[in-house]
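Student: One structure, pasted below without further comment.
The values are calculated or read from the model by the stated rules, or taken from the named source; none is laboratory data. The model shown is predicted, which means the values in this text are computed figures rather than measured ones. Here the Cβ positions follow ideal geometry from the backbone for every residue, glycine too, while neighbour counts run over all protein chains shown. Each accessible area value is taken on the protein alone, full model and side chains, heavy atoms only, with ligands, DNA and RNA left out. Shrake-Rupley method; radii C 1.70, N 1.55, O 1.52, S 1.80 Å.
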Amino acid sequence: MEKIVIEGKTRLKGTVEISGAKNAAVAILPATILVNGISTIENVPNISDIETYCEILKTLGVKIKKLAEHTLEIDTRNIESVEAPLDLTSKFRASYYLTGALLGRCKHAIVGMPGGCKLGARPMDQHIKAFEALGATTDTEQGKIEVKAKRLIGNSIYLDIVSVGATINAMLVSVLAEGITTIENAAKEPHIVDLANFLNKMGANIVGAGTDRIRVQGVKELKKNETYSVVPDQIEAGTFMLAAVATRGDITIKNCITKHLESVTAKIIEMGANVEDIEGEAIRVTCNKRPNKVNIKTLPYPGFPTDLQPQMGVAMSIAEGTSIINESIWDSRFQYTEELNRMGAKITSQGKVAFFEGVEKLVGAPVYATDLRAGAALVIAGITAEGTTQIYNVEHIDRGYEHIEEKFIKLGAKIKRVKE
Ligand code: EPZ
């Protein structure tokens, strides 16, 4: 077992480079199945969710060569199995993209139910609606979902709820289908656009990604031997922006797309931070004072991302006055507040609303990462706090943050990983 130990209290200063986006990479890797050839994917983050994805793809017959730390060559010519085992798929959420990708390519998929962060109910009804709209039958029994179709024929899909996963699965299943598929009320996150860019580079015909109406004209096959580079991680960049606010620091965040960070930028300016947009590709956040209170409601993109809600919660815990978070995406994303309260925060939550009565300082304590973003929030809290913080369950953090200690050490944090 490993834990992260942090000696606070540090004002973070310096430059950090953002890695490729986890939530784009975990969609692009299974999408290579549709290529039926070799694809080279660059800027792939070095995180455990990617390792797990590679393991699953290998069980299907996919050959993967690591050409460099962030570059994978993926050969999907020989798919030997359409069955992805539950022991691997249950390790994370994005394994559900195998269903759309295998159905699109092989007209058949048996995929163990996904796992991932425990954020409340995570149904798949909208994914199934998309598969069935194109002519597939689905069966969800014994911890797995089986989908099959004789033919996949384009159709109009109206998503009842804005869902990242269902939008991506609808795109995956329609790329090689016959005719035109339209996805209405689609999610607009940067990773949706990145997947569409990847698929279009491979010869797909997708328009409208990034709007709420995506139109996919099915093609017979995709191009082989293409190279694609994953978009920078919006959530990792936002995590460092909020770390600058919470630690009253001065951080320049390089290799990000500042347009993706507008909702966070607006809120931290309201909190009293200075934000400098450097040519759309880097952002400098400085904060010289105790942050002001602020209220947020998490929303699908371009709203404030739920995946930055816990990190924002840390900045709010030490802000002047009482801040309110209204979590509109997940039923249960305030588990981290109990951990912050152990560090001296004063947070009360009721259902999907939490009240953060700002305190002057946090104090180090042993805490547990309840999920990926909660873990990142606790790292920021530990750096902000006086004394020593020990964070347990760090495997959650490793699922989505590359070299997290190294990146924070470069900014001046006193943070180390200890084996127990
Ligand atoms: C993606 O999850 C992300 N995961 C999550 O990030 C992120 O929190 C979430 O989108 C929202 O932005 C990946 O990209 C791998 P949804 P996803 O389908 O696709 C409901 C992280 O920390 N819903 O957009 O599973 C659902 O219950 C992770 O990186 C249905 O009702 O989220 C939720 O309330 C955590 N039926 C809402 O939609 C469905 O069929 C949005 O979920 C599907 C979803």
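Student: Classify the stretch 22-229 as rounded, prolate or oblate, taking a ≥ b ≥ c as the square roots of the eigenvalues of its Cα gyration tensor: rounded when a/c is under 1.5, otherwise prolate if a/b is larger than b/c and oblate if not.
Tutor: It is rounded, given that a/c, with a ≥ b ≥ c, falls under 1.5.
Student: Lys/Arg Cβ at +1, Asp/Glu Cβ at -1, dipole of the stretch 22-229 taken about the Cα centre: which of 198, 115, 48 is farthest positive-ward?
Tutor: Of the options given, the answer is 198.
Student: In straight Cα distance, which lysines are under 27 Å from residue 9, not counting same-chain residues fewer than 8 positions off?
Tutor: Of all the lysines, those that pass the test against residue 9 - Cα under 27 Å, at least 8 places apart if same chain - are 254, 267, 289, 293, 346, 361, 407, 410, 414, 416, 419.
Student: State the Cα centre-to-centre distance between the stretch 377-408 and the stretch 343-370 in whole Å.
Tutor: 16
Student: Spelling out what I want: for every residue of the stretch 2-10, take phi, set θ = phi - 60°, compute 6.51 cos²θ - 1.76 cosθ + 1.60 (Karplus), and round to whole Hz; glycine and proline get x.
Tutor: 10, 9, 9, 10, 10, 9, x, 10, 10
Student: Within the chain, which complete DSSP H helices have Cα atoms spanning at least 15 Å along the helix axis and a mean Kyte-Doolittle hydropathy of 0.5 or higher?
Tutor: Helices meeting the criterion: 164-174, 234-246, 372-384.
Student: Would you give the gap between the C-alpha center of the stretch 222-238 and the C-alpha center of the stretch 136-151, rounded to a whole Å?
Tutor: The two parts, judged by their Cα centres, are 29 Å apart.
Student: May I ask you to derive the relative contact order of the stretch 281-373, considering only C-alpha pairs under 8 Å and at least 6 residues apart, and to give it as an integer percent?
Tutor: Dividing the mean separation by the residue count of the stretch 281-373 yields 28 percent.
Student: Between 48, 317, 332, where does the largest GNM mean-square fluctuation fall for the chain, given springs only between Cα atoms within less than 10 Å?
Tutor: Result for the chain, Cα springs under 10 Å: 332 fluctuates most.
Student: Here's something else I'd like to know. Using the Cα gyration tensor of the stretch 56-158, with a ≥ b ≥ c the square roots of its eigenvalues, what is the shape: rounded (a/c below 1.5), prolate (a/b larger than b/c) or oblate (neither)?
Tutor: Here the stretch 56-158 falls in the oblate category.
Student: Sticking with this structure for a sec: Quick one: order 267, 346, 352 from most to least accessible surface, probe 1.4 Å.
Tutor: Largest to smallest exposure gives the sequence 346, 352, 267.
Student: Moving on. How high is the relative contact order of the stretch 22-229? Use alpha-carbon pairs under 8 Å, at least six apart in sequence, and give a whole percent.
Tutor: This gives 21 percent for the stretch 22-229.
Student: So, taking all protein chains as they sit and a 1.4 Å probe, how much accessible area belongs to residue 55, in Å² rounded to tens?
Tutor: 90
Student: Also, I was wondering about something else. Can you tell me the dipole magnitude for the stretch 22-229 around its Cα centre, using point charges on the Cβ only (Lys, Arg +1; Asp, Glu -1), in Debye to the nearest 20?
Tutor: Taking the Cα centre of the stretch 22-229 as origin, the dipole is about 320 debye.
Student: For the stretch 63-163, which whole-number percentage of the solvent-accessible area (1.4 Å probe, protein heavy atoms only) is attributable to carbon and sulfur atoms?
Tutor: Carbon-and-sulfur percentage of accessible area, whole number: 50.
Student: OK, next. Can you tell me which of 109, 68, 170 moves the most in a GNM of the chain? Springs connect C-alpha atoms under 10 Å apart.
Tutor: Highest fluctuation of the listed residues: 68.
Student: Cα centroid distance between the stretch 166-221 and the stretch 32-102, in Å?
Tutor: Spelled out, the Cα-based centre of one part sits 19 Å from the other.
Student: Label point 7 Å out from residue 420 along Cα-to-Cβ: which residues of the stretch 337-354 have amide N under 20 Å?
Tutor: 337-344
Student: Could you give the dipole magnitude of the chain about its Cα centre, charging the beta-carbon of Lys and Arg +1 and that of Asp and Glu -1, in debye to the nearest 20?
Tutor: Rounded to the nearest 20 debye, it is 160 debye.
Student: Rounded to the nearest whole Å², what accessible area per residue is found for the chain with the 1.4 Å probe?
Tutor: Here the residues of the chain average 38 Å² of exposed surface.
Student: Over the chain, what is the mean sequence separation of C-alpha contacts under 8 Å (at least six apart), divided by residue count, expressed as relative contact order in percent?
Tutor: Relative CO of the chain lands at 21 percent.
Student: I've got another one for you. Between residue 207 and residue 2, with labels modelled 7 Å along Cα→Cβ, what's the label distance in nm to one decimal, could you check?
Tutor: About 4.7 nm, to one decimal.
Student: Let me ask something else about it. Would the chain count as rounded, prolate or oblate if I go by the C-alpha gyration tensor, calling it rounded below 1.5 in a/c and otherwise prolate when a/b exceeds b/c, oblate otherwise? Mind showing how you got there, number by number?
Tutor: On the way: a/c = 1.86, a/b = 1.78, b/c = 1.04.
Prolate.
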